[in-house]
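S.K.: Structure below; questions to follow.
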Amino acid sequence: MRFGGLTAVRSVDFTVNSGEIVGLIGPNGAGKTTFFNCLTGLYVPTEGTVAYQGKVLPPKPHLVTQAGIARTFQNIRLFANMTVLENVLVGRHTRTKEGLWSALLRGPGFRKAERESEARALELLEFVGLADKREHLARNLPYGEQRKLEIARALASEPGLLLLDEPTAGMNPQETRTTEELVFAIRDMGIAVLVIEHDMRFIFNLCDRVAVLVQGEKLIEGTSEVVQADERVIAAYLGEPFEGEPGAAEAAEVEAAEAGAAAADTAGTVATAKAAATATDTADATRAGTAEGEGEAAEAGAADVEAAGSADSTEGETQ
């Protein structure tokens, strides 16, 4: 799958057996949700095909659902103004055979199919723990229960493969544990489950196998222990590991650099203090010089006045 010059997903394949849970992890932007969108017909692959159980899937979401693949979304996509029961009934549309005329005429066949769908929807609501809220509007449910409702709607299509895109995103630890138990119960029904998740504790506790997607390609697939110990996985999440531990020489070099920086800071402080003292002395000297000059000028002025007075007195006597 390409977006312009970027290859988002390339040659990714999975084997998920009935009653098995497989996790799909990877850094942000690795192509995980794009892979789900290609599988379910929301994206049309720019190259290659999407196949399930040996059959090529058409890029039409309703036909993919009819083939046996159902999914939930990273961002909840419920019909907010419909009731909880009605949301689950929407998921039954690929499993009923009634058409337009049957719906308009509402004959016996339509009524029978409607009763069967409603009974199955109620079973699923009981399964996820929402039976007592079947008449509530979906928008009024708490966040964790909206996640459960989305899973119930996906199960209503009776899938062979269930795709869960970050089912615990935004949940508190108690809600996460409840979701984990729900996924285990789905597995026990014989449904294959493929899970995208960023909560590593959740994914490693939940899954039989884990695959890592990096830059659109599958890097490794194996048990939780194998994946956690793989250096390529660590590098994908944390960057390339540091080669070798720092030794005594490196430590001494760092200490010397730190000591040099501290000495430079001290020298700078002393030089600044000396410069400030010099500036103060210069200012004092300038002020003293100015005062001395002013005093000498005043004395000279007084002498001139005295001389002028003496001259006037002499002139009077001569006359």
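The values are calculated or read from the model by the stated rules, or taken from the named source; none is laboratory data. What you see is a predicted model, and the numbers here were worked out from it, not measured in a lab. Here Cβ is always computed from backbone atoms with ideal geometry, including for glycine, and neighbour counts include all displayed protein chains. Just the protein is used for accessible areas: all its heavy atoms, side chains included, with ligands, DNA and RNA removed. Shrake-Rupley method; radii C 1.70, N 1.55, O 1.52, S 1.80 Å.
S.K.: Each label point is 7 Å from the Cα along the Cα-to-Cβ direction; what then is the distance between the points at ARG139 and GLN53, in nm?
M.R.: Distance between label points: 3.8 nm.
S.K.: Regarding the stretch 33-138, what is the average projected area of its C-alpha convex hull, in nm²?
M.R.: 8.5 nm²
S.K.: At 4 °C and a viscosity of 1.567 mPa s, what translational diffusion coefficient does Stokes-Einstein give for the stretch 58-108, taking Rh as the Kirkwood radius over Cα pairs? Give it in µm²/s as a whole number.
M.R.: In µm²/s, the coefficient rounds to 99.
S.K.: Same structure again: So how many Å³ per residue does the convex hull of the Cα atoms of the stretch 81-158 work out to?
M.R.: Here the figure is 83 Å³ per residue.
S.K.: At 1.4 Å probe size, with the rest of the protein present, what percent of the exposed accessible area of the stretch 81-158 is carbon and sulfur atoms?
M.R.: 53 percent
S.K.: Once you list every other residue whose beta carbon is under 14 Å from the beta carbon of HIS136, what net charge do they have if Lys and Arg are +1 and Asp and Glu are -1?
M.R.: 0
S.K.: Let me ask something else. Once you list every other residue whose beta carbon is under 12 Å from the beta carbon of GLY41, what net charge do they have if Lys and Arg are +1 and Asp and Glu are -1?
M.R.: +2
S.K.: Let me ask you something else. Per residue, how much accessible area does the stretch 81-158 show when a 1.4 Å probe rolls over the protein heavy atoms, in square angstrom?
M.R.: So the stretch 81-158 comes to 56 Å² accessible per residue, rounded to a whole number.
S.K.: If you don't mind, another one. Compute the length gained on full extension between LYS97 and ALA235: take 0.36 nm times their separation in residues and subtract their Cα-Cα distance, giving the result in nm to one decimal.
M.R.: That pair, LYS97 and ALA235, stretches by 44.6 nm at full extension.
S.K.: Taking the stretch 1-73, which trypsin sites (Lys or Arg not before Pro) meet the DSSP loop condition and have no more than 16 other C-beta atoms within 10 Å?
M.R.: Loop-located and lightly packed - ARG10.
S.K.: Can you tell me the length gained on complete extension of the stretch PHE14 to GLN74, counting 0.36 nm per residue apart and subtracting the Cα distance?
M.R.: Full extension from PHE14 to GLN74 adds 19.6 nm.
S.K.: While we're on this one: Running Debye on the stretch 1-95 with equal point scatterers at the Cα sites and no solvent, what base-10 log of I(q)/I(0) appears at q = 0.13, 0.26 Å⁻¹?
M.R.: So the normalised log intensities are -0.55, -1.49.
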